[in-house]
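The values are calculated or read from the model by the stated rules, or taken from the named source; none is laboratory data. Here the structure is a predicted model, which is why all the values come from computation and not from measurement. Every residue, glycine as well, gets a Cβ built from its backbone with ideal geometry; the counts of neighbours run over all protein chains shown. Please note that ligands, DNA and RNA were not included when accessible areas were found on the heavy atoms of the full protein model with its side chains. Shrake-Rupley method; radii C 1.70, N 1.55, O 1.52, S 1.80 Å.
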Amino acid sequence: MLLQVENLSISFGKDAPIIQNVSFGVERGQTLAIVGESGSGKTICCRALLDILPGSARIDTGTARFRGLGLDIDLLNLSNKAMRSIRGDRISMIFQEPMRSLSPLHRVGHQVAEVLCLHRGLPWREARRTVKDQFSRVGFKDIQRAWNAYPFEMSGGMRQRAMIAMAIIAKPDVLIADEPTTALDVTTQAHILGLIKDLREETGMSVIFVTHDLGVVANIADSVCVMRRGRVMESGPVDTVIKKPDHGYTRKLLAAAPVIPHEAMPNDVQLAEDPILRLDSVHKTFIIKTGQFFGRVREFRAVEDVSFAIPRGKTFAIVGESGSGKSTVANMVLGALRADEGSKIRYWPKRGGEPLDVQTLTGKSRRRFQGSAQMVFQDPFSSLSPRMQILDILTEPLAIHGIGTRKERREKAAALIERVGLDPGMLRRFPHAFSGGQRQRLSIARALMLEPDLLVCDEPTSALDLSVQAQVLNLLEEIRDNLGLSYLFISHDLAVVARVADECAVMHQGLIVEMAAPDVLFTQPKHPYTKALIAACLEADVDRKVNLATISMGAGDPHSWPSEYAMCGTSLPALVETVPGHMVRIQT
Amino acid sequence: MTHRPNHYVDPAPYDPAEDIRTPGHPDLDVPNRVLIWHRFKRYKPGVISGIFLALSYLMLPFAGFIAPYTPNERHAAHLYATPQMVHLFHEGQFIGPYVYPITAEADLVNFRWTYIQDRKTAARLEWFCEGHTYNLMGFIPSDAHLFCAPEGATVFLWGADRLGRDIFSRILYGAQLSLTVGLIGITVSFLLGISIGGIAGYFGGRVDWGVQRVIEILRSLPELPLWLALSAAVPGHWGPGAVFFIISIILGLLDWPGLARAVRSKFLALREEEFVRAAEMMGARPRRVISRHLLPNFSSHLIASAILSIPAMILGETALSFLGLGLRTPAVSWGVMLNDAQNLASIEIYPWTALPMLPVVLVVLAFNFLGDGLRESLDPYSDD
């Protein structure tokens, strides 16, 4: 056992221990995954190993025995000097937010070379050469540019690669990875995981991988440790824990993990004869001024040629990675952003009635529209005003539109808060008393106050824990069925979309590349980008492991697509209906 | 525990049905100001400063009662009197607080006044005695004083100045003006700063650009010459009350850019918060968004910024009066008292004339600690 932690207990100040009797261990050359939701204490355990806990933390009991080459020490009892020589050299760590972990004032190459100068005492020239070799190993295409770049000039995936380079350049025995891919896109995540796996096989180092995603665990871990509220619920080899879990919590996590369908259900083609919302050729270009007075003007095409229709009473989902334009579409649908000339967004408030043109709404009709289409936001922590009581937050939509007396508003708020599964006694409390899942429910209740017909959900579950995600999605489905609402659901998670949507559009860099029912999309994808997205989805199933090596070849890169799908150059292929109900952007 | 090797299962009972109807963090479920108070309490200098300032401001209406003399009461026989100590035991016996009477003597070799204490007489202080008349709380005429010296003796706790006026009493009366000039100035600064900064922050674009340029121009003008110029323009025949009011307004007028900048940057940050976007999407008009969403979330920052601006005003008034261009006699403020201490020679010989510096320093420090403590405790959601 290379690193063995026994009976670790940590507490803050005079409070009860946050971490209680945690034990885990990792063998040489193996990967241990520590799984848990927010508040489980997994990050604190890892920080305790390297002695980078916050100042008020105290280690009550426990040992962490590290048996590296020529060493047999207890990490929790080291002097500062000894710990400094271990950090970065024998045990290194990579963090979740690389932007915060890399110094913004130094070039990336210099920061990585610093590790060598500190631990190996290499002269600068040699350090530089080693770093450049390492850069090519971690997959940078333009090594000289990476050496000279500052962290803010790089994308998230590149920064994470730089962090990995910095962590492994001194050839450590153990790499601790604290949720390194949570903030990244699905395809980038697959690249990074493949990289870590390759490096592990090459150098024989052990990896402790902290995550909340069971899909990641199933694909790269050898052993698992499930934590909840500072205690270990279950631990063991990944095959047994994932396939035959014993503890109720592990079973709950596995049940909540969203699943990608592998079989298509019988396809009932729906013609959208009764759409509630229709977009035709919607474009949005942002003009970015670089420089102060006489700077060049650069155009950024956020959304291009987006057309779709949402049938009444159904859920339409838009899937895409960050920067694909999906949030821009949601803002335009609600009228918060104005689309360019030639775009048409039409909204039918009643069945068979006259459509409203969202772009040209003013005054009274605009307020009517705002009452009829509402939004549920992504971040439950900032979408509720922290200075207002829940009652005021919920009744605000009614107050803005001047509906009902105070008593009526309060009754309606109480009714809706019951509907989303919470207690009316919570009305007098403040938002910060509630957990993330509860706040998201409050957000949904607020959106329902004006009795809308269309609900736009902008990634409502991506900031929530897995088990809570499932509950909130259930709630959304139930409300839709009972109240006859239509949803526009934005997400970056294909598995969530598979669960919730009736029809799904995949967006990439502002364009819809494929549109179909989720079952069809997942079982018979046509566009290479969709195929890349699906291939990069990690499932919590040890038998269906993703081949990370092929994914790392870069299927998400537009330049590698076959010519009929190519989007580079001036001509844009049109969205063509290849099979009824399945549209693909392909050159015909 | 199971029979499978290396597989550990936690033996404690586990209940999967978590109760979502109870709040997740009930200890955080209090109004915001209670959360702020909890954090503020931990910052000791802030709490002590707060108590000190509260007591000082509470004392202001009663300054006349506490002071044994009125501010312009001269004692021709006690020019530059030395500070007198209050003793309790005379010749081994406890007879209550008393002072030794002092008599002046001219030292013609060094050209200074020296004072001789009469150590045989114990002049006991009288309590709740009658003295010169003054206006309690500004408008009730009264002549009751907390304590005063008996006939034939004086009680100059902190000495007397060149006209024989008691420095301790003058400092207490001076507090009335010096401490309130900050409040009036801050009100002016507040109103201007919030409205201009709020408009710039909320609307952005050209409005913001214009306001920023104005702020930058105003901030690049040198403060002291501007103050001097503006206060020199005050007509000389105005009474001290009117002059005081105008001085405070001038100080406030020149201080609003700082507050406006703070308001603007906070508005710009708050505008991007999702609850503001949510309100706008629901159809709320800008006025509602500003008053119900932006201002409440910003009010504590405003208070902290305002408190940290008050010392600048107190120092400004002190500087102006020290240079003779702010308040003038018969008005008494700490700056006016320091005007008398401009002479280095007199500070050397009679150091107690520079005593008004002490309350200025203490009050400025107290405001700074209080403002700092408030600012530290403002964000109740951040981790420790």
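At-a-glance table
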| quantity | calculated |
| --- | --- |
| Dipole magnitude (debye, nearest 20) for segment B:139-243, charges at Cβ of Lys, Arg, Asp, Glu | 340 debye |
| Charge-dipole axis of the protein assembly as shown as Lys and Arg at +1 and Asp and Glu at -1 on Cβ define it, positive-most pick from A:495, B:236, A:372 | B:236 |
| Those residues of segment A:394-422 for which accessible area with every protein chain present is at least 50 Å² below the isolated value (1.4 Å probe) | A:396, A:400 |
| Carbon and sulfur %, accessible surface of chain A computed with the full protein complex present, 1.4 Å | 49 percent |
| All aspartates and glutamates inside 15 Å of residue B:41 as judged from Cα atoms, apart from same-chain residues fewer than 8 positions distant | B:372, B:376, B:379, B:384 |
| In nm, spacing of pseudo-spin labels at residue A:477 and residue A:118 (7 Å Cα→C-beta vector) | 4.9 nm |
| Dipole-positive endmost among A:10, A:311, A:139 within chain A (Cβ charges, Cα centre) | A:10 |
| Global geometry of segment B:84-155, whether rounded, prolate or oblate, following the gyration tensor of its Cα atoms and the 1.5 cut on a/c | oblate |
| Rounded if a/c under 1.5, otherwise prolate or oblate - segment B:170-377, Cα gyration tensor axes | prolate |
| Helix runs (DSSP H) in chain B reaching 30 Å along axis by Cα, Kyte-Doolittle at least -1.0 | B:167-203, B:295-322 |
| Exposure of residue A:579 as accessible area (Å², to 10), given a probe of 1.4 Å and all protein chains | 70 Å² |
| Segment A:100-171: Cα Rg divided by the 2.2 N^0.38 Å rule of thumb | 0.97 |
| Cβ-Cβ FRET estimate between residue B:55 and residue A:301, R0 fixed at 51 Å, reported to 0.05 | 0.20 |
| Sorted peptide list for A:129-140, B:193-204, B:329-340, criterion being average Cβ within 10 angstrom, highest first | B:329-340, B:193-204, A:129-140 |
| Angle between chain A longest axis and helix A:186-203 axis [Cα atoms, degrees, rounded to 10] | 10 degrees |
| Cross-link pairs beyond the 29 Å C-alpha cut-off, checked among A:81/B:44; A:314/A:364; A:284/A:545 | A:81/B:44; A:284/A:545 |
| Theoretical ellipticity at 222 nm over chain A - DSSP helices of four or more residues, -39500 (n - 2.57) apiece, nearest 500 | -10000 deg cm²/dmol |
| Choice from B:56, B:299, B:169 with maximal GNM fluctuation in chain B (Cα, 10 Å cutoff) | B:299 |
| DSSP-defined antiparallel bridges as percent of all bridges, the protein assembly as shown, nearest 5 | 65 percent |
| Dipole magnitude of segment B:170-377 about its Cα centre (Cβ charges: Lys, Arg +1; Asp, Glu -1), debye to nearest 20 | 720 debye |
| Accessible area that becomes buried as B packs against A, both chains, 1.4 Å probe, Å², nearest 100 | 4300 Å² |
| Nitroxide proxy distance, nm - points 7 Å out along Cα→Cβ at residue A:411 and residue B:365 | 6.3 nm |
| Reach of residue A:252 by Cα under 16 Å, taken over aspartates and glutamates that are not fewer than 8 positions away in the same chain | A:37, A:213, A:234, A:465, A:539, A:541, B:10, B:15, B:18, B:19 |
| Threshold 30 Å², segment A:369-386 residues less accessible with all protein chains present than alone (1.4 Å probe) | A:370, A:377, A:382, A:385, A:386 |
| Chain B: calculated mean residue ellipticity at 222 nm from DSSP helix runs of at least 4, using -39500 (n - 2.57) | -16500 deg cm²/dmol |
| Global geometry of chain A, whether rounded, prolate or oblate, following the gyration tensor of its Cα atoms and the 1.5 cut on a/c | prolate |
| The protein assembly as shown - charge dipole about Cα centre, Lys and Arg +1 at Cβ, Asp and Glu -1, debye rounded to 20 | 1120 debye |
| Accessible surface, the protein assembly as shown, averaged per residue in Å² (probe 1.4 Å) | 46 Å² |
| Farthest positive-ward along segment A:65-148 dipole, Cα basis, beta-carbon charges - from A:94, A:116, A:82 | A:116 |
| Residue B:357/residue B:268 FRET efficiency (R0 45 Å; Cβ-Cβ; nearest 0.05) | 0.65 |
| Nitroxide proxy distance, nm - points 7 Å out along Cα→Cβ at residue B:139 and residue A:73 | 7.7 nm |
| Residue A:278-residue B:209 FRET efficiency (beta carbon distance; Förster radius 56 Å; 0.05 resolution) | 0.90 |
| Chain B - percent of accessible surface contributed by carbon and sulfur, probe 1.4 Å | 64 percent |
